1. Quickly work out the L143-to-V244 label distance, labels modelled 7 Å from Cα along the C-beta direction, and quote it in nm with one decimal.
2. Using Cβ contacts closer than 10 Å as the measure, can you line up K35, K109, K30, K122 from fewest to most?
3. In the neighborhood of H27, defined by Cβ-to-Cβ distances under 14 Å, what is the net charge if each Lys or Arg adds +1 and each Asp or Glu adds -1?
4. I'm a student and want to see the number: the projected area of the Cα convex hull of region 138-246, averaged over all directions, in nm².
5. What's the Cα-based Rg to Rh of region 33-85, Rh via Kirkwood?
6. If you average the C-alpha positions of region 129-166 and of region 186-212 separately, how far apart do those two centres end up, in angstrom?
7. Just need the relative contact order of region 143-246 here, percent rounded to a whole number, with Cα pairs under 8 Å and 6+ apart.
8. In whole Hz and in residue order, list the ³J(HN,Hα) couplings for region 36-43 that follow from phi through the Karplus curve 6.51 cos²θ - 1.76 cosθ + 1.60, θ = phi - 60°; x for Gly and Pro.
Amino acid sequence: MRMAIASSRVMLWYSATPMSTHANLAHTAKAVFAKDLRIEARSREVTVTAALFGLLVALVAAAAFGGATTSPAVAAAGTLWTSQLFAAVFAFARFWHRERENRAWTTTKLLAGDPLGIFAAKAGALFAMLVPVGLLGVCVTALFLHVPVDGALGLATLLLMLAFVGFAALGTLFGLLTVETKARDLLLAVVLLPLLAPMTLGAMATTRDVLLHTPRELWIGGFALVAVFDAIALALGGTLFRLVAR
């Protein structure tokens, strides 16, 4: 109930200010983004639960790889990306569950204005929530699989943060579909996971090559592919979100 009231106050303040189209979009994004982060700062529902879930997956994977003859770099790449993929999907589900409670999404949609601004705000908020989850996953993976803390680990972290941009865009789109459709329990698991899996597998291979300190030419293409994935996810997510939200 508090979330719906907070959403209504922010959106009512926003809607009372007349603006041009571009300023309207920017102000919509700013108001919704601030509202989502304010709610998360008070509840910590998405960040904490997703971080704990990702931590559990990482610990199970690290324990499974611990006694294997696989090199730490290979084990770390698999552990990191597996845990973060499932933690991200879990975060999307918790984030949009809040929007379904007390019809908070209906309030946001009616008062906020431009759907593209709402998409930018929701994707930005999701990205901000995924960052600490990812950093915790990197630390846990490095600690339990004995990965050296060096430039290679920094590059692996940068790749993860870059992938989170596309994750957040698609999570925003498919999260909205869980609100607007009745098949909410199937969409994230059956549709979103298969869409994210190919990019995740490619990023996993790139992370392995980075941690193995292979020549730059062997892994730089992986960063480019993740950047392309982000661009497609943002363009496709924004376009379809606008159609569905209306």
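1. 3.6 nm
2. Working: K35 23, K109 19, K30 15, K122 27.
In order of increasing Cβ crowding within 10 Å: K30, K109, K35, K122.
3. On the way: positive: K30, K35; negative: D114.
Computed value for this residue: +1.
4. Details: hull surface 30.2 nm².
Value for region 138-246: 7.6 nm².
5. Working: Rg = 15.2 Å, Rh = 12.6 Å.
Using only Cα positions, Rg/Rh for region 33-85 is 1.21.
6. Between the Cα centre of region 129-166 and that of region 186-212, the gap is 15 Å.
7. In percent, rounded to a whole number, it is 43.
8. So the J values, rounded to whole Hz, are 5, 5, 5, 5, 5, 5, 7, 9.
Readers should treat all values here as calculations from the given coordinates under stated rules, not as data from a laboratory. Note that the structure is a prediction, hence the values are computed from the model and not measured. Quick reminder, even Gly has a Cβ in these numbers, built from the backbone with ideal geometry, and neighbours come from all protein chains shown.
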